[in-house]
Every structure is written in C-alpha cells, then in structure tokens.
Amino acid sequence: MPLRKSQRGGFIRMSMFIVLLIAVSLTITPLVFAAEKSETTEKTEKKKAVKKKVEDTWSVYQHDMRHSGQSSFKAPMKPTVLWVVPFGETGKPSTPMAVTKDGIAFVGVLAAPKEDTETTESAEGNQDSSPSSSGVFAFGEGKKVIWVSSEKGAVTGPLAIGKDGTVFAVIGTSLVAIDPKNGETNWKIALNGESPGGVMLDGAGNIYVGTLGGQTLYAVTKDGDLKWALKVDGQIDSSPAIGSDGTVYFTAKDLSLYAAEPNGTLKWKYTVNVSETTSISSPVLAKDNTAYFTATRYEGTPGLEFLYAINPNGNLKWRFETMGKKSTMPALSKDGTVVFGTTILNYTEDRSLTIGEAYAQGVNPDGTEKWLFKVRDDDFLGAPVIDAEGNIYLSTPDWYMLCLAKSGTMRWRAKIGGLTSIGPEGSIYVAAKSSVAAVGDKDVIRAKQKDKDEDGQKQGGFGAGGPGSFLIYIIPVAIVIGIVYLLKSRIGTREEDEPEKTEPDGG
C-alpha cells in the first residue's frame, strides 16, 4: 500500500538523519582512533624520553672511582624531608649511604630502626636502651627496611654496590659480599685489620680495600679471589681512588700518598713534609689523574696548611695554602674547581682546643683561589658533594646542611645535615647522628603530584574519556533507534492503510 504524503516525508527525513549519522560516524571514528593513537604515541615518546635520561648511581664513596663527589642530578633547592628512620640511643649510622638507580639505599648501622619522627635526629621519648646487632641495612622507598645483613658486626667504612647489585662492605675485619635481594652473605674473606676507608670498585668490578692495623691494600675479584696485597709504611685510613689507567691511589697515616700499579706493585709515594701535620685526606682524582688531597695540623702556627696537587708521576704540581688548619676531603666541580671546607683551630690559655671560624673554599685547577666563603658554622662534617648544576652541599657536626652556589655564595641552610650522598632525581640521602633520611625538592614533588592529578582527571579531546569516545558509542545506538523507528513506522502505516473490515448486516 503506498504511503501517504506526510508519512513519506517523515520516512525521508528519518532516512536522511540515519544517513547523516552514518556519515558522521565514518568521519569521526578515524579521527577518534587517530587521536587515541596520537595520545598513545605521545605517552610512548614520553616513556622513551624518560629512558633517555641519565641513570646515575651513587654506588661508591663520593660517587665514583675518582671520588669526584659529583652527581649528574640536580639536588633540592627547596629541601623537604621525604622519610626518616631514627634509631635508639645507641643507634648510629656508621657510613655514608650507597644508593642504586632505583633509590635503594645501603648503610652500616649499629641499631635497628624505630618509628618515624619529623627530624633526622632521634626523638628523645622514643629511644631504645637495648641495642641490636650492627651490620648493613637496606632501605627502600618510604623508609621501608628491606633486610638486615646476615653478617653482623661493625661496618667501619663506606660501602660499594657492584654492577650486578652485590653490596660489598668491611664488617669487623672481613670483606663481605652481600646478596642485594635478601642480605645473605655470598662470600667473605678475612683481612688483617679494620678498614675506616671502606670499599672501592674499579670498572671491572675488582674490590680495593686498605687496612688500618695491617697497613695493607688488598685487591680482590668480584668473586672473592685475592688478586694481590700490598704492604705499605703507614696505617691505611683512606678510601682508595682509581685512575683512568688503573693506577690505585690511597693515603696512609705516615702522611703519604701512594700510587700502586694495577698488578699490585708500588709505583711511587709522595710524603708531606710540613712539620706538625697530623693527617691527610683520601685522594680525589681529576680526569688527567692529578691527585688532590688536603692536610690537617692541630698544632703550630695558624695557617701554613695546604691543599696538595700531585702529578701522575708522583711529583708536586702545586700546593695551595688553606684558610684553616683542619680541612675536609675535597670534591671536584665539572669545570675542575677543587672544593673543600676548612676550619681555623684555636687554643685557650690552658691549651684546650676550640673550633674557630669555618670557610668553604674553591681553588682553580692551576692552584689559584677562585672563591672563599665564610659560613656561620664553626666546623664541617664529611666531604662536600656537588650536583649537576655545580651547587655544593656541606654538612656540619650539629647536623645542618649548607647549600652554596658554584660561585661560593649561600643558597640555603637547613637542619638536615649528615654524611651525604645524592640519589635518583637528585634526592639527598643523609646518614646523620642517630638516623638516616631522604630529602627531596618541594617544587619537584608538587610538580609530580600535579602531573599525576592531571593524568588521572584528563578531560576533553578525542582521547579516552573525551567526547570522541562518547560519540563512538552513541552514534551506533542512534542508528539502531532510527532503523527501529522506520520499521515501526512502516508497519504502523500498513496497519493504518488497511481497510476496516465490517460485519455484514444480519437482516
């Protein structure tokens, strides 16, 4: 039965509407998928960009084989404590922290962790009078204790992390290789004394450690086999440094800098001849293998103490007179500036020693002064560390940390000080008086949280959750509704146009 004119008009309009919906669907769908593909590609590119970032680890004392103290990350400009693990009254971190690229930190400690506090110092009301066994502790993100080493004893010097993650430490008088997964001992070898200088690794994974009483430098393979042992004339209280040619540099209490060949034979030694010098620091190596170290003297005329630069052949290159008599181990900036802290020592009439003024100093590679900065504190704790932008971080015995610009001017001072390492993304890891802590940058933390929130609440566009995704679902539904409507209209029209049946009259 033919349709009425009004019905034909409605049918045509609905048909055109369905055709339009189909056309829009065919147009929008590729755009949606292209946009989603673009978003996926963008996320993939971002992930690739993250992977391309420098993966830096603080795996040995003062960052690397040369003891540069220089990280590839920018450290905090607005420091805020990320986490703190305090210890009891007998608790004491005994080493700086070694840190992996994933932020797992290892440290020698003398007590078990206790509950959280708001400072890097233990809370007076939460101290434990019963000390636990000392050993190596592994800490994860959010102050989680992953394990405590199965080998117990005093860890007397800095730790090191091998390329496969193995942790090396001197515990008591043994060199121990520790499984990074569970803290179990992989192997250990006996030494002839304690090692305040701790462990250093070369590029092949060989381990170098010097002993105090034994006056011996050991070279051990990563599998625990002794390569060689070199006996010297002084007690070795320093951390060895490794030159680009494999030469091993270390200092001893006989006030000498030693250089050992890669095969363990003595190459040369340089002895400090300034009277009344009491000690010299661990060596720091420039890229050309110039060795730097500082000297300290507690007696004698104020001044007349030096920063030394020694050529790779063992000859004196230059020496720079420091402002104070007691100096920290140096660190090296990217431009070759030698940075250290130095303190003036004073004596009262009864000859009791007092600490005097403290200075941070920067010295050019040619031995001339670059800058000098007097700090408000009166002494320093540990060696300085330097971030990717040349900012210098120094700690004090009263647990303050100072941040100086590479020009030697103050940037900030906060009570978060201690033996310092720089970990992933520039977080500072601190081994303090009775706690360990991680410190981040407030602005970086806020930016990360903002990015996270924006990713979780992303609206608009043709990506997931936007109108494009909505259209993908609504257009087919509208088409189906339209088709059903047309069918119903057609059926309804047929029923309406069918002639009405009447009963024949009965009479």
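The values are calculated or read from the model by the stated rules, or taken from the named source; none is laboratory data. Here the structure is a predicted model, which means the values were calculated and not measured. Note: ideal-geometry Cβ built from the backbone for every residue, glycine included; neighbour counts use all protein chains shown. When the accessible area is computed, the model is the full protein with side chains, heavy atoms only, and any ligands, DNA or RNA have been set aside. Shrake-Rupley method; radii C 1.70, N 1.55, O 1.52, S 1.80 Å.
For the reader, a short list of remarks on this structure follows.
- Those residues of the stretch 259-282 which are under 22 Å from E299 (Cα atoms), more than 33 Å from the chain's Cα centre (by Cα) and not in a strand (DSSP E or B), in sequence order: V272, N273, V274, S275, E276, T277, T278
- Filter result (over 16 Å from Q235 (Cα atoms) and touching a residue at least 60 places away in the same chain (Cβ under 8 Å)) within the stretch 179-212: P180, M200, L201, D202, G203
- Any hit, the stretch 217-226, residues being open to solvent by 10 Å² or more (accessible area, probe 1.4 Å), in a strand (DSSP E or B), at pLDDT 95 or above and farther than 20 Å from G108 by Cα: yes
- Here the strands (runs of 3 or more DSSP E) wholly within the stretch 336-435 that include at least 2 residues being closer than 16 Å to A75 by Cβ and in contact (Cβ under 8 Å) with a residue 12 or more places away in the chain are 381-386, 392-395, 401-404, 410-414, 419-422, 428-431.
- For the residues D379, D366, D335, D350, the requirement of being charged (D, E, K, R) and open to solvent by less than 50 Å² (accessible area, probe 1.4 Å) singles out D379.
- Any hit, the stretch 156-164, residues being open to solvent by 10 Å² or more (accessible area, probe 1.4 Å), without any contact (Cβ under 8 Å) to a residue 40 or more places away in the chain and not in a loop (DSSP other than H, G, I, E, B): no
- Qualifying residue in the stretch 265-277 (condition: without any contact (Cβ under 8 Å) to a residue 24 or more places away in the chain and within 20 Å of A204 (Cα to Cα)): no
- If the condition is being farther than 26 Å from L304 by Cβ and touching a Lys or Arg at 6+ places or on another chain (Cβ under 9 Å), then the stretch 263-286 contributes N263, G264.
- Residues of the stretch 165-216 satisfying the condition of being of a type in the set (A, V, I, L, M), surrounded by 18 or more Cβ atoms within 10 Å (Cβ to Cβ) and either under 23 Å from the mean Cα position of the chain (by Cα) or in a loop (DSSP other than H, G, I, E, B) (or both): V167, A169, V170, A177, I178, L191, V199, M200, L201, I207, L212
- For A309, the requirement of being among the aliphatic types (A, V, I, L, M), within 14 Å of D254 (Cα to Cα) and either open to solvent by less than 20 Å² (accessible area, probe 1.4 Å) or outside any loop (DSSP other than H, G, I, E, B) (or both) is not met.
- Members of the stretch 338-352 found to be of a type in the set (S, T, Y) and closer than 18 Å to K374 by Cβ, listed by number: T342, T343
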